[in-house]
1. So is Pro209 assigned to a loop (DSSP other than H, G, I, E, B) and not β-branched (Val, Ile, Thr) or not?
2. For region 109-147, which positions are more than 24 Å from Gly172 (Cα to Cα) and not charged (D, E, K, R)?
3. Among the residues of region 101-129, how many are assigned to a helix (DSSP H, G or I), among the small types (Gly, Ala, Ser) and free of Cβ contacts under 8 Å to residues at least 40 places away in the same chain?
4. Among the candidates Thr199, Thr173, which residue alone is without any contact (Cβ under 8 Å) to a residue 60 or more places away in the chain and in a strand (DSSP E or B)?
5. Pick out the one residue from Glu35, Glu120 that is within 18 Å of the chain's Cα centre (by Cα) and of a type outside the set (A, V, I, L, M).
6. Residues in region 43-100 that are modelled with pLDDT of 95 or more, assigned to a loop (DSSP other than H, G, I, E, B), closer than 21 Å to Thr217 by Cα and of a type in the set (Val, Ile, Thr): how many?
7. Determine whether Arg178 is without any contact (Cβ under 8 Å) to a residue 40 or more places away in the chain, more than 30 Å from Glu243 (Cβ to Cβ) and either surrounded by fewer than 19 Cβ atoms within 10 Å (Cβ to Cβ) or within 21 Å of the chain's Cα centre (by Cα) (or both).
Amino acid sequence: MGNNGSVADRALSFGSVASDYERFRPAYPDVVVDEVLAYAGRRIGTALEIGAGTGHATRVFAGRGIAVTATDPDPAMLLELSKQVPQPVTVVRSSFEALPHSPDYDLVFAAASLHWTEPEGRWEHVASMLRPQGIFASFGGPVRLADPTIEQVVRDARSEFLAHDDVPSPDGTPATARMQWPGTELTRSDLFADVRQLTIERRLTMKSPDYIGHLSTVSAYVVLPARVRRRVLCRILDVLPSEVELDADITVHLARAQ
């Protein structure tokens, strides 16, 4: 059975599938921005995005007139972002860890990317980029098959190659806990206050080939050897109905710099 690759390998794997990432990953709804702005309670003029990828989150924040600096370590992802994001956005090729410690932003946010950052010094670094009372936001969540029977069939189909295809909680928080990561770390940090967690319910329907396209951008599959990846994705497609229902709730974490 293959393994899922190291976190470092998976973090830098997405550029090879940048166009598919743009095509098959679900867009973020405007309500995400609504929740962040309502929490802020004041004008957000500038924002920095950690791990912007192809810009699915970038565009909804920039669309509200926020000056977004979109950062990502992968040039292929940023090239796709530059093609797709119509609003003026500052694009910076950089890992989170290499970003300057400069309090230039009203908001720092991460869309399904924070778990790819190094834990040591993470919150000190975020706080160093925020203006006084600045806002941090993290949001995302897995896209799962809604039908447990189909999910089990898919699990069986991939089992020879992957025991699981998710990313475990970075701090080991169980899925049943009321507060999930990164809220767990934020509540323990003396750099942030008023930590909140909320869920935006989202249900999607995809044609099965599009769902396979989505899976092809999930890190556990991306890091597989190409021949193995094609084989396991074909196996999954073979056991799917023509269309699948998906649970794709978005978990949002919000905090305010002290």
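1. No: the conditions fail for Pro209.
2. Scanning region 109-147 gives Ser128, Met129, Leu130, Pro132, Gln133, Gly134, Ile135, Ala146.
3. Here is the first cut: in region 101-129, the residues assigned to a helix (DSSP H, G or I) are 114-116, 122-128.
Remaining after also requiring among the small types (Gly, Ala, Ser): 127-128.
Next cut, free of Cβ contacts under 8 Å to residues at least 40 places away in the same chain only: 128.
Of the residues in region 101-129, 1 are assigned to a helix (DSSP H, G or I), among the small types (Gly, Ala, Ser) and free of Cβ contacts under 8 Å to residues at least 40 places away in the same chain.
4. Thr199
5. Glu35
6. 1
7. Criteria met by Arg178.
Conditions (1) crowded, with 18+ Cβ neighbours inside 10 Å; (2) farther than 30 Å from Thr187 by Cβ, marked per residue:
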{"site": "Leu81", "(1), (2)": "yes, yes"}
{"site": "Leu99", "(1), (2)": "yes, no"}
{"site": "Ala111", "(1), (2)": "yes, no"}
{"site": "Val126", "(1), (2)": "yes, no"}
{"site": "Ser159", "(1), (2)": "no, yes"}
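The values are calculated or read from the model by the stated rules, or taken from the named source; none is laboratory data. Since the model is a prediction, treat every value here as computed from it, not as a measurement. Because the Cβ atoms are built from the backbone with ideal geometry, glycine has one as well, and the counts that use them run over all protein chains shown.
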